[in-house]
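Below is one structure, written out as structure tokens, with a few remarks after it.
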Amino acid sequence: MSGLEEAVTATSAPAPDPAALRRTHADRARSAYERAAATCRHAGVGEDDAQLVPTSPVGRAAGALRLSAGAVAALAAGAPDPAADARCARNAAAAAALAAQVAAARDSGTGPGATAGVDSSAPASALRAALAASRAAAAAAGGTAPGRDASLNAAADEAERHAAAAARAAGWISRAPGA
């Protein structure tokens with residue numbers, strides 16, 4: 001065997017099970033969706049705030065929440081497709097990031113329905129965690145092995161757990177998503 005063949009053989013891993021990947025992506029998508037829904041409730045964003053062409057952060061968050069509900073529902077249909085399943089999880093994480101932006105603005109006193117005098121450190125931390133979870137979910141959905149890269153999926157799962165904990169600490173959700 002040549003050195004190149006040995007290197008390729010040594011780094012080749014068995015193909016991940018599509019059903020197991022679906023469970024991973026579905027769990028992350030549900031957690032992000034539940035986090036987004038709770039954060040929207042906290043920020044006073046309702047489904048009726050969704051706009052066909054969003055003109056405000058509230059309209060974008062409500063629309064993204066509605067779209068991510070469809071993405072999570074799509075995970076239950078059809079055959080497992082790691083790339084598509086990872087995109088569903090990415091969409092739910094993006095909706096949660098939009099909701100976090102609205103909630104953080106509200107809690108810091110700069111957005112609609114702002115509450116004056118609220119400590120902004122927890123909402124700011126929750127916003128940063130939500131943005132990091134969205135970026136990690138996007139990385140897991142992209143790349144050369146969309147939805148199949150074990151290290152990117154693990155990083156996205158960990159970022160989602162951190163974002164959920166930060167949202168609880170900010171008072172945006174009162175229980176662990178999925179519990």
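Which residue is surrounded by the fewest Cβ atoms within 10 Å (Cβ to Cβ), if the candidates are limited to segment 28-58 and must be polar (S, T, N, Q) and either in contact with a strand residue (DSSP E or B) (Cβ under 8 Å, 6 or more places away or on another chain) or part of a helix (DSSP H, G or I) (or both)? So that I can check it myself, show each step before the final result.
Going through segment 28-58, the residues polar (S, T, N, Q) turn out to be 31, 39, 51, 55-56.
Okay, now just the ones that are also either in contact with a strand residue (DSSP E or B) (Cβ under 8 Å, 6 or more places away or on another chain) or part of a helix (DSSP H, G or I) (or both), so 31, 39.
Numbers: S31: 23, T39: 30.
Looking at the filtered set, the residue picked out is S31.
Every residue, every condition in (1) more than 23 Å from A170 (Cα to Cα); (2) out of contact with any Phe, Trp or Tyr (no Cβ under 6 Å at 6 or more places or on another chain); (3) among the polar types (S, T, N, Q), yes or no:
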position: A37; (1), (2), (3): no, yes, no
position: R60; (1), (2), (3): no, yes, no
position: V72; (1), (2), (3): yes, no, no
position: A79; (1), (2), (3): yes, yes, no
position: R87; (1), (2), (3): yes, yes, no
position: A97; (1), (2), (3): no, yes, no
position: L127; (1), (2), (3): no, yes, no
position: A141; (1), (2), (3): yes, yes, no
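Residue-level check: of (1) without any contact (Cβ under 8 Å) to a residue 60 or more places away in the chain; (2) open to solvent by less than 20 Å² (accessible area, probe 1.4 Å); (3) over 21 Å from A105 (Cβ atoms), P82 misses just (1). When L67 is tested against the conditions (1) without any contact (Cβ under 8 Å) to a residue 12 or more places away in the chain; (2) in a helix (DSSP H, G or I), the lone failure is (1). Restricting A145, A105, A122 to those that are modelled with pLDDT under 95 and in contact with a Gly (Cβ under 6 Å, 6 or more places away or on another chain) reduces the list to A105. Taking the conditions (1) open to solvent by less than 50 Å² (accessible area, probe 1.4 Å); (2) modelled with pLDDT of 95 or more; (3) in contact with a Leu (Cβ under 8 Å, 6 or more places away or on another chain) in turn, A64 satisfies each one other than (2).
The values are calculated or read from the model by the stated rules, or taken from the named source; none is laboratory data. All values reported here derive from a predicted model rather than from experimental measurement. So basically every Cβ, Gly included, is an ideal-geometry build from the backbone, and we count neighbours across all protein chains shown. Just so you know, the surface numbers come from the protein's heavy atoms only, side chains and all, with ligands and any DNA or RNA stripped out. Shrake-Rupley method; radii C 1.70, N 1.55, O 1.52, S 1.80 Å.
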